[in-house]
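Dropping the structure in here first, questions after.
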Amino acid sequence: MRFLQRIRGRETPSTASSTNADVEKRAIMAKTGIAARFRPRILTMGMLVSMGGFIFGYDTGQISGFLEMPDFLARFADTTNPKTGALAFSNGRSGTIVALLSIGTLLGALCAAPISDKFGRKPSIVFWCLIFCVGVIVQITTEHKWYQVALGRWTAGLGVGGLSVLTPMYQSETAPRYVRGALVSCYQLFITLGIFVAYCINFGTESDNSPRSWRLPMGIGFIWPVIMGVGMLFMRESPRWDYRQGNIDRARGTIARSYGASEDHPEVQRELREIKEKLDAERVGGDKHPWYEIFTGPRMAYRTLLGITLQALQQLTGANFFFYYGTSIFASVGLPNSYVTSIILGAVNFGTTFPGLYIVERFGRRPSLIAGALWMFMCFMVFASLGHFALDQSDGANTPTVGYVMIVFACLFIAGFAMTWGPIVWALVGEIYPSRYRAKCMALATASNWVWNFLISFFTPYITGAIDYRYGYVFAACCFMGAVVVYFFVCESQNRTLEEIDTMYILDVSPTKSKHWQPPEGEDLPSLDNTYLTPGARGIKKKNEAGLPTEGRREDAAPYTGGIFHASEAQ
């Protein structure tokens, strides 16, 4: 690497520059038409593996409808509405039933990475599908025990959490480079589709006063993990995992099938070479890296906390306020059938995800997130103000116009979320971390998402009971804070390679100027993988004349040349 070689005063062989790689990549893509890129095998893999997102969305969407179904209330309600005398759930019981799913997903997400590293991505996905099915069985077999429903949702949540990590991981590790972004984005798209389908099925059964009203939608939930689990038996293991286990020939065969090319095709060989170089870079200085390096490594505390904050703010936008309690919310504004409103919200959420995939590539991460946050801030301010000051909360039917306007702004909010903060935060969290710490950092960021998911779903009934629709002001403030955080702390990563993104954070490029930052032309970039961190190094305090961090590099480290690192070279 010429950039590092001049600093270290040594000349060593270097790998091809990123510029040349980009030229080669564009040449391959120019020769590959849309039909060739999205071959039946690729489409099948994308739809099958994205079923993990569908499972997540379906389970999220169905619970809001159950809470208003007569038979579900008759079996599990623990109080009555003081105004109407109708059966109702106390805040504690409804919050527990809804929120225990999030506790399960938190644990499942944290356990998924080490399990998949040990046993492989493919068997792990099948395992978490089985766990989800067990959770559905626990729920559907209950008669009058509400805590059985809650425990069943906790068990199903383990499966949802595991799949929420493994679905994008398997897709990103297996898909060809030129469709990788599109396939990973399908995860968010299938989440919104799952929510929409759950709303539609709830609408079809809510008028049935028998147990079928909630058991049928719950039973249909078996279909999705069965399709995914059985389908995965016919898929191949991730080539990245196979390569790490020494199964190089099998990894080569999987990549060749993904590209629809022979095993000696240049693109297949380049993919294998990149896997090898990245693995060699991760193993420099030893295979194991202490977990605390995600906070003590150069600029790692900044990035680790940024990912945790972004995932927390995604939940604090208030989207799940509508998804979990949408049916109950719109029943309170006097609508004749609040299930119809939920379907409208679900359709808006699903439909607007498609233009969102265009917006992020056209305008970039920073502008999209900032504009989306300010848009959601405005929507929640109107929604909360109308709900508190204009709506007749004792009988919403007395102010129908206000209720309909609130629905309009709820739809506008969902549209803004689906096009910006819904998919983009997941993409950012996958981009800002160096490879050696990506799994640990993403686990922490995902855990942050599920913790706030739980807090919102559990405490929402208590908070709305105390301050009614003024709760929306809390979410509005968090949306505004999200715009501030993105403006001051997030670097623009549109059209950047992962190496360039790593370099921007290491060199402390100003986020406000990051869009116009240009890497040194024709030179390989310094990244965390090739600066040879000392375990326990505490960030970057200064840079040398070339702009490379001078702290955090092993003084005895041999220059990395893309080959296998031998301990003798550092002596």
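The values are calculated or read from the model by the stated rules, or taken from the named source; none is laboratory data. If you're wondering where the values come from, they're calculated on a predicted model, not measured in any experiment. Glycine gets a Cβ as well: all are built from the backbone with ideal geometry, and neighbour counts include every protein chain shown. Keep in mind that these areas ignore ligands, DNA and RNA; they rest on the heavy atoms of the full protein, side chains included. Shrake-Rupley method; radii C 1.70, N 1.55, O 1.52, S 1.80 Å.
How do 475-483, 68-76 rank on mean C-beta neighbours within 10 Å, highest first?
The peptides rank, most packed first, as 475-483, 68-76.
Highest first, please rank the peptides 224-236, 101-113 by the mean number of other Cβ atoms sitting within 10 Å of their residues.
For the peptides 224-236, 101-113, the packing ranking is 101-113, 224-236.
Over segment 371-485, average the accessible area per residue using a 1.4 Å probe and give it in Å², no decimals.
Values: 4150 Å² over 115 residues.
I get 36 Å² per residue for segment 371-485.
Which entries in K83/K145; K118/K276; K276/K513 show an alpha-carbon gap greater than 28 Å?
Listed pairs above 28 Å: K276/K513.
Further question: Could you size up the charge dipole of segment 208-320 around its Cα centre, putting +1 on the beta carbon of Lys and Arg and -1 on that of Asp and Glu, and report it in debye to the nearest 20? Mind dumping the intermediate values first?
Details: 16 positive and 14 negative charges, 56 e Å.
Dipole of segment 208-320, to the nearest 20 debye: 260 debye.
Say each of V340 and L233 gets a label point 7 Å from the Cα, pointing the same way as Cα to Cβ; how far apart are those two points in nm?
Placing both labels 7 Å beyond Cα along the Cβ direction yields 4.5 nm.
Hey, another quick one. For L279 and V408, what does the FRET efficiency come to when R0 = 35 Å and r is the distance between their Cβ atoms, rounded to the nearest 0.05?
Plugging the Cβ-Cβ distance into 1/(1 + (r/R0)^6) gives 0.10.
What is the percent carbon and sulfur in the accessible area of segment 370-452, measuring with a 1.4 Å probe over the protein chains and ignoring ligands? Please list the in-between numbers first.
Working: 2110 of 2840 Å².
Taking all protein chains in place, segment 370-452 shows 74 percent carbon and sulfur surface.
On alpha-carbon atoms, Rg over Rh for segment 401-509 using Kirkwood Rh? The partial results should precede the final answer.
Values: Rg = 17.6 Å, Rh = 16.6 Å.
Checking Rg against Rh, the ratio lands at 1.06.
Could you give the radius of gyration (one decimal) and Dmax (whole number) of the Cα atoms in segment 404-463, in Å?
Taking only Cα atoms of segment 404-463, I get Rg and Dmax of 15.5, 50 Å.
Can I ask one more? Which of the peptides 506-515, 49-58, 209-218 is most tightly packed, and how do the rest follow, going by the mean number of other Cβ atoms within 10 Å of each residue?
Descending mean neighbour count gives 49-58, 209-218, 506-515.
Here is a further query. Using the basic label-point model (7 angstrom from Cα toward the beta carbon), what is the F119 to H265 distance in nanometres?
A separation of 3.3 nm, rounded to one decimal place.
Moving on. Taking 0.36 nm per intervening residue step and subtracting the Cα-Cα distance, what contour gain separates H516 from Q148 on full extension?
126.9 nm
Average the reciprocal distances over every distinct pair of alpha-carbons in segment 38-157, invert the result, and give the Kirkwood radius in Å.
Result for segment 38-157, one decimal place: 16.1 Å.
Shifting gears a bit: Can you tell me the convex hull volume per residue for segment 139-276, based on C-alpha atoms, in Å³ to the nearest whole number?
So the per-residue hull volume is 125 Å³.
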